[in-house]
Amino acid sequence: MAPSTARERRGVVSDQEDGAGREGSGPDGETHNLTSLATRIDAPAALRAARAEATPPASARLEVGPRSTGAPSPAALRALHAEEAARASNFGRVMTVLSIVVLASLPIVNQVTWLSLMMAGTLLALAIGGAWVWWAARSPARYSKRMFRTLGILGFLASLMIEYYAGVFSTSAVAVTLGIAFFGLGDDRRWAFGICLCGTFGYLMLGVLITLGVIPDLGLYTARDAPLSLRLFTLGIVPAVYLTTLWQARSSRRATYDAVERLDEALRLAQQREAQLNEADQNLDAALQMGAGVQGRYTGSLAGKYELGEVVGRGAFGEVYAAEHVESGQRAAVKLMHAHVQHRPEVVRRFLREAELLQRLRAPNVVTVFEVGQVASGAPYIAMELLAGKSLAWVLRKRRQLEPADVVALVTEVARGLAAAHEAGIIHRDIKPQNLFLAEPADGRAPLWKILDFGVAKLRGSDETLTGTAVIGTPGYMSPEQAHGRKADRRCDVFSLGAVAYRALTGRPPFAGVDTPQILFNIAFRMPVRPTEIAPRLRSEIDDVLAIALAKQPDNRFSTAADLAAALEAAVQGLLEPALRTQAVSLVAAAPWGQTVTDPVPGSTVEL
């Protein structure tokens, strides 16, 4: 395996975060890792700062103004053209069918006269023209402005004949209104107005000439006996209806055009951001590989019985070397603290305490520590298993979200590791995508999720935190009690694992913000967006499981990570227990998704 791919493909346990600057990094860019200090934020001050900004901001979303300054892209224009072609084809079909039906009924409603013959010819022309448009417009490539204009001329002339035959003051105006509604929506603006206005004023002139007696009223329904006031009213109201229909059609066309324009602008912006994210992702990969696969300060020296090779990872507080046991040949990852931080007692204590805690654990889903000691220069080191694979943060950067079955496997295996830690009296307190690693055994066994980084873990019942009242953990995945700076038990790990599951299922972190105080506020006082609103394909039972896992009060959560894993598996299969569904409904009623929680942690002394 090429040494230059050490961090992501060899997957060593290092203090370099592969999500730095995105999920899991602090506001000052300091990463949260095996030997670094946890993010230190005075909880009351941070929460007061968030409340001072009035309402907490919603997660960043794409917003486009009411009107765009540019024209739609060629793709958007093609979509509009295809929509008009489909509309034209449907209109041609309706026109053909109606023309044939009326043509067949002519002998029934009237005797054969010169007027009925002209009407029959008109209907035959409409049927042929409608059939032509019906067939041709099925393909947007064959539909053109010429076809639209030809159909418009035919429709205008036919409307005059239909109105005269049926009677200017009859209900024939209804059929003409259908035509104006179609032509008014046309993309050819000049001809759309021209056709509809010609139809309107053609009716008006025909009605005026008949009313004045210039031409005889030979229609099926005449108005010779109708009062003049009624005829004048009809001559006023029908053109008004025609013009109103035209205005409504053009308004609808403008609204559709604007909507497509805004959507097109949003799509361009999304594509631009996607390109920027891809570029940033490539830069991040390059940054993560920087310094890996090269010789370091301790290359060639011994750490206990391990000979140090190339550097496979670097972070703010240490380096990780690929190493080999001088006797057994066992491969390992040896983490050494940088010389410039060895004078910081709290960092050294955290480093050594992590080693102490990891040595207590012997579980398949927890990284294994082989040896702890000091090199000749006095720098402390931890020798642990060298993992090949990828972190969850890396996986989510590439895939955005995971299939529910994959998330069930992730949560189940991580829950086993947490169960071993909790049984040993260890609370991790920093479960996040960067600290979950999909190890790929060299012997061909199935990949296995492992928990990394116990640097901010604590022993159950111990008051030692190394940070006083500061917040311990990574903003975005820590529990509400951690955000409040309160004591946390194993249920804080359940909350964090639920947050990780939410991220993996929806593709979005449950708690986001432009800075750490806002994230802490959201963790402490807001529920995230309902998962199925982000990922509608998820079962509603998954909403219920995550509502319990992400409950603000520890007593309302699953008591163990194993309970969370079992419930999530049942939810994915649609077999969640009714009692859990009832509990979730009660929790959501008290703390609705996406809303501020008025009393998240009763008895909290945090003043906002």
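Read the figures in this text as sums done on the coordinates, not as results from a lab. Note that the structure is a prediction, hence the values are computed from the model and not measured. Positions of Cβ are backbone-derived with ideal geometry, glycine not excepted, and every protein chain shown enters the neighbour counts.
The table below lists the values:
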{"read-out": "Alpha-carbon centroids, region 132-172 and region 389-438: separation in whole Å", "value": "65"}
{"read-out": "Charge dipole magnitude, Cβ of K and R +1, D and E -1 - region 523-562, Cα centre, debye nearest 20", "value": "120"}
{"read-out": "Calculated P(r) tail over 29 Å for region 74-225, as whole % of Cα pairs", "value": "21"}
{"read-out": "Within straight-line cross-link reach of Lys487, lysines at Cα separation under 25 Å, skipping those fewer than 8 residues along the same chain", "value": "Lys432, Lys458, Lys552"}
{"read-out": "Theoretical FRET efficiency, 1/(1+(r/R0)^6), r = Cβ-Cβ of Met205 and Ile534, R0 51 Å, to 0.05", "value": "0.30"}
{"read-out": "Order of Tyr257, Tyr203, Tyr306, Tyr321 - criterion: other Cβ atoms within 10 Å of each residue's Cβ, fewest first", "value": "Tyr257, Tyr203, Tyr306, Tyr321"}
{"read-out": "Cβ-based exposure ranking for Ser159, Ser172, Ser105, in which fewest neighbours within 10 Å come first", "value": "Ser105, Ser172, Ser159"}
{"read-out": "Student exercise, region 115-246 dipole from Lys, Arg, Asp, Glu Cβ charges, in Debye to nearest 20", "value": "500"}
